[in-house]
Amino acid sequence: MEDSMYSRRLASLVAAIAVASGTVVWSQAPRPPQSPYLAPPDNVVAVRAGRMFDAKAGTMLTNQIILIRGDRIADIGPSVQIPAGARVIDLSDATVLPGMIDAHVHNAGRGDSVEMKTIVMVQSAVRDLEAGFTTTVDMDARGGFGTVDLRNAINEGLIKGPRMQVSGQSLNQRASSPYPNPGPGFYAGFTENKNINGPWLARAAVRESKLHGVDWIKIYTTQDFVGARALYEFKPDGSLLAFPSLTLEEVQAIADEAHRMGLKVACHTYGGEGMRSCINAGVDLNMHVTELYKDDALLNTVVQKKLPIMITIDDLAGLNAGDRRLLTELGLTGDKYLTRLGMAEQTLRKLVKAGVPLAFGSGAVAGDGAFPHGKQADQFAWKVKWGMTPAQALQTAFMPAANVLNYNWATRVGSLERGKFADVIAVGGNPLTDVTEMERVRFVMKGGVVMKNDLAPRPPQTASR
């Protein structure tokens, strides 16, 4: 009862925010006949691309035409015929790319009221979309299942935002927030996930989460944010404490039950036993894994199982000063003592050398803190700094990220191909020569609908009959 009331309040508030902010155009009917954020079936658009990034090959093509019907790409190539009456968008002076994918965001803030959480979630979604991220995965709603309502509202065209997959509330909250936690996020929703002690309670939590309509299960196997001081702190030798919060048997039960239910599992882990449990238990996406560079045997397991890895550079960069301060307090100074960001660099270098697929994920959080929504494209510059080519860095936000999505979404997003969603972005320069161009996305189309166009002054044309 509490959960259904919570969901109804969120759905009502999302609609109210949309109306008040002008993001929805209502008629006299309860729902508009056609949302401005959804392409009508008779939508016909042709995009002229001066340069176009081939996300699969990692190369730049020139003088391409993308023909869109409805919300999908109907044809693409240098000699595509533009039908009479089609709307023509001329991006001849720009670089066109697929919409980017950020497979690790947090749309809601911690400890807010339901109403404020909803407002912030909408803000986060709009920021991501306008930065060129047309697909995102929310990896922990910070209490409750408001992200399910957010996803559904976007899909229905009530509000503007990226297409989303969501995990809702993480399963084992004690690994991600102090206990007891008086905030509303801790008490909203779920019963089982508050106390996962044993494989059968873990399965029960997955089953309840499925009933709320999530796409993913998010777990924490290193207990990093709890106690008088955060338990990600460093040992006297400079390694991470990485206190394990779930056993291998519990993680195996979660992965097995989730897969039975058609869900995927993502694991937050920094190192130690918790990292080994995730990689060995059949988890679909292992995130952070900052100390993986120390464990060649485990890295070989990743390679043999062809597991994707996600290193969330943005959140680690935002936490870097605090890490350095903690090391200094322990008397651990000098380059040999690495922060989590420094560990992530070593891990990324090894993963690239081993050919492990790297999925883009930022860990972006709500608000205007150290790693906010809408700024996560700065990761590309970090990756180039750490040894990737600009093309390799860009590719992480396309097919490797698409391949980790649930429901075989790699057939729908991640590249500009016939039959995929018409998710198209553009920047003014060439990101293969200056990867920071991705931090200045100037054109965004999602599903055949232009969501942002700061590229200048050429107005859309109509092909002559």
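Yes or no: segment 425-440 includes at least one residue that is of a type outside the set (Gly, Ala, Ser), assigned by TED's automatic domain parsing to the domain that holds Pro308 and more than 16 Å from the chain's Cα centre (by Cα). No: zero hits.
Can you pull out every residue in segment 388-426 that is surrounded by 24 or more Cβ atoms within 10 Å (Cβ to Cβ) and acidic (Asp, Glu)? Within segment 388-426, just Asp423 meets the criteria. In segment 125-174, the qualifying residues are those that are polar (S, T, N, Q) and assigned to a helix (DSSP H, G or I), and the one that is modelled with the lowest pLDDT is Gln173. When the residues of segment 334-361 are filtered to those that are in a loop (DSSP other than H, G, I, E, B), among the aliphatic types (A, V, I, L, M) and in contact (Cβ under 8 Å) with a residue 60 or more places away in the chain, which remaining residue is surrounded by the most Cβ atoms within 10 Å (Cβ to Cβ)? Top of the filtered list is Ala359.
Among the candidates Ala49, Ala86, the residue that is surrounded by 18 or more Cβ atoms within 10 Å (Cβ to Cβ) and farther than 16 Å from Ala426 by Cα is uniquely Ala86.
Across segment 309-333, what is the number of residues that are part of a loop (DSSP other than H, G, I, E, B) and surrounded by fewer than 18 Cβ atoms within 10 Å (Cβ to Cβ)?
Going through segment 309-333 one residue at a time, the tally reaches 4.
One line per residue, one yes/no per condition, for (1) at pLDDT 95 or above; (2) touching a Lys or Arg at 6+ places or on another chain (Cβ under 9 Å); (3) over 19 Å from Ala393 (Cα atoms):
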{"position": "Val251", "(1), (2), (3)": "yes, no, yes"}
{"position": "Ile254", "(1), (2), (3)": "yes, yes, yes"}
{"position": "His259", "(1), (2), (3)": "yes, no, yes"}
{"position": "Gly262", "(1), (2), (3)": "yes, yes, yes"}
{"position": "Gly272", "(1), (2), (3)": "no, no, yes"}
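Which residue out of Val25, Val80, Val14, Val19 is modelled with pLDDT under 95, aliphatic (A, V, I, L, M) and part of a loop (DSSP other than H, G, I, E, B)?
Every option except Val25 fails the conditions.
Within segment 262-284, the set of residues being more than 21 Å from the chain's Cα centre (by Cα) and assigned to a helix (DSSP H, G or I) comprises Gly272, Glu273, Gly274, Arg276, Ser277, Asn280. Report yes if Phe133 is assigned by TED's automatic domain parsing to the domain that holds Gly198, under 23 Å from Asp454 (Cα atoms) and aromatic (Phe, Trp, Tyr), otherwise no. So Phe133 fits the description; yes. Of all residues in segment 322-333, those that are of a type in the set (D, E, K, R) have Cβ atoms under 7 Å from Cβ atoms of residues that are surrounded by 17 or more Cβ atoms within 10 Å (Cβ to Cβ) and not in a helix (DSSP H, G or I), 6 or more apart or on another chain, in Asp323/Thr339; Arg324/Thr339. Across segment 52-69, the qualifying residues are those that are buried (at least 18 other Cβ atoms within 10 Å of the Cβ) and not charged (D, E, K, R), and the one among them that is farthest from Asp454 (Cα to Cα) is Ala55.
The values are calculated or read from the model by the stated rules, or taken from the named source; none is laboratory data. It should be emphasised that the depicted structure is a prediction, and the values quoted were computed from it without experimental measurement. A quick note on method: Cβ atoms are made from the backbone with ideal geometry, for glycine too, and the neighbour counts reach across all protein chains shown.
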